[in-house]
1. Provide A:D78, B:D154, B:D86 in ascending order of the number of other Cβ atoms located within 10 Å of each residue's Cβ, fewest first.
2. Given labels modelled 7 Å from the Cα in the Cβ direction, how far is it in nm from B:R198 to A:T124?
3. Would you calculate, for chain A, the mean residue ellipticity at 222 nm contributed by helices, counting each DSSP H stretch of 4 or more residues as -39,500 (n - 2.57) and dividing by all residues, to the nearest 500?
4. At 7 Å along Cα-to-Cβ for each site, give me the label-to-label distance between B:T10 and B:D38 in nm.
5. Count charges around A:T157 for me, please; just the other residues with Cβ under 11 Å from its Cβ, Lys/Arg as +1, Asp/Glu as -1.
6. If you take the charge dipole of chain A about its Cα centre, with +1 on Lys and Arg Cβ and -1 on Asp and Glu Cβ, which of A:S54, A:L33, A:G70 is farthest toward its positive end?
7. Assuming R0 = 30 Å, what is the FRET efficiency of A:M13 and A:A134, from their Cβ-Cβ distance, to the nearest 0.05?
8. Quick one: go through region A:128-148 and flag any residue whose amide nitrogen is under 14 Å from the point 7 Å out along the Cα-to-Cβ line of B:L247.
Amino acid sequence: MESAQWYSPYRLMRITLMMGLGLVAIFIEAAPLGLSADAYPSPDLLFCVVAYWSTRRPGSAVLIAIFGLGLTRDLMTDVPVGAGVLTLVIASEFLKSLSSGLSRRSFATEWLLLATVLAVVLTTQWLIVVILLAHPPYLIDLAYQWLATMLLYPVLTVVFRWFFQVGWRKTTATGPGR
Amino acid sequence: MRRAASPQETALTRTVRRILLGFVVVASLILLALWRSDSPRLERLRMTLADALIPSLGIVSQPIELLTEMSRGYRNFFDVYTQNRDLRREIERLRAWRETARQFEEQNAQLRALNNVRVAPHSTFVTGDVIADSGGPFLQSAIVNVGARDGVVDGSAAVDGSGLVGRVVGIGDHATRLLLLTDFSSRVPVLVQPSGLRAILSGNGTSAPILEFLESPEEVKPGDLVRTSGDGGVFPPNLPVGRLVALPGGTWRVTLSADFARLEFVRLLRYTPDTRIDRPGGLILSGPRGVDDAAKPITPDATGGGG
């Protein structure tokens, strides 16, 4: 029997797991796979982790934890500091609000929704850089990143579901869920 | 058994979440303003985090690097016969050069002994392992596992075996952040040889940065060598940068000498510019503080060695 209280050990375990996987995602993104300017950009693995938790376990996708992960990613990689974390947190809150409805939909619907959200996230980051009169990246590179991320998302979904046993909530409570 | 949340609890949770969200949005906007203004505080925060995460970064990046190397090795496997033949030919050629170099070395030592010449100290450097890169399309930077503890100074030039790679823009105790030549904000004063014309190499997010402010483009031709000019006193002069390439429309680009695709180790140079008298009283007063600090020798325990 699980308790819905915030200090439930199961919930704390899921929060810890999300943070651990988020850190691994950041480290993989930052791994030096090729410093050439022509190299393909790394997929946004942190977005995949946060999106999965926000839709499947919104109660465990804690705002402050996601802020910490987003800020770490901004500082360790190349995303404009502040823009990356802001878009990640807002995307997470948006996905959390759709969690109950998504659990009754197909995976294809979820994938399409996440693809749209990621496109909005990357476009917003690009626009912020343009508005701040800094050098924006080439849009083709952002498109590669979007494509690589969305191709990888189904694979990560299988890993999170079958390896870490994190799936949809069994019931949809009226509260924020777990 | 799930406990249903009471209406008061739900309202309180929502209020707390809204306040937290507001706090996060404001904090993000402040961070964005600091990022845009190139705040040194943000760079310090970045390097403190890099210092703390270096051991974990190594654990994750090493297997990934190994896999990349294996994949590269698999591709090279098919070229192994040709490579072997070329390498044997190269070894024969280098053997002849080695003998010549030995003769020159002996001759040089005899001449120095005759003249009692005091040789200037060698320029020093620290070698570091590239442990992280920027990952995405926004910036071209890398993190190296040597820092202030190893004697790295801000602005140092970073080179690989073939040429200039970039410069140091952030220093932690155990980590250093490099801005690569290909980044949008990279600007390096260069010299085109043999014409001797000066220009600025501007990064543009591609592997061939643009050559700007070239005085007489008609005096240069494709294939000309591009080296650092040493203007500004940040980079040592005569570091190889790349070769000129002409584009339609009169634009000149530079194909870089450094092999960015296989960049695993970099050397961070310690360079102190020559004494120059460029201001009134410059002969009497000592130079700026940074120059004196930079002149301190590297400690022998610097990781990665030095030379």
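1. Least to most surrounded, the residues fall as B:D86, B:D154, A:D78.
2. Distance between the two pseudo-spin positions: 4.7 nm.
3. It comes out at -21000 deg cm²/dmol, rounded to the nearest 500.
4. About 5.3 nm, to one decimal.
5. Counting the neighbours of A:T157, the net charge comes to +1.
6. The one lying farthest along the dipole's positive direction is A:S54.
7. Between A:M13 and A:A134 the formula returns 0.15.
8. It comes to A:138, nothing else.
Each value in this text was obtained by applying a stated rule to the coordinates, not by laboratory testing. Note that the structure is a prediction, hence the values are computed from the model and not measured. Quick reminder, even Gly has a Cβ in these numbers, built from the backbone with ideal geometry, and neighbours come from all protein chains shown.
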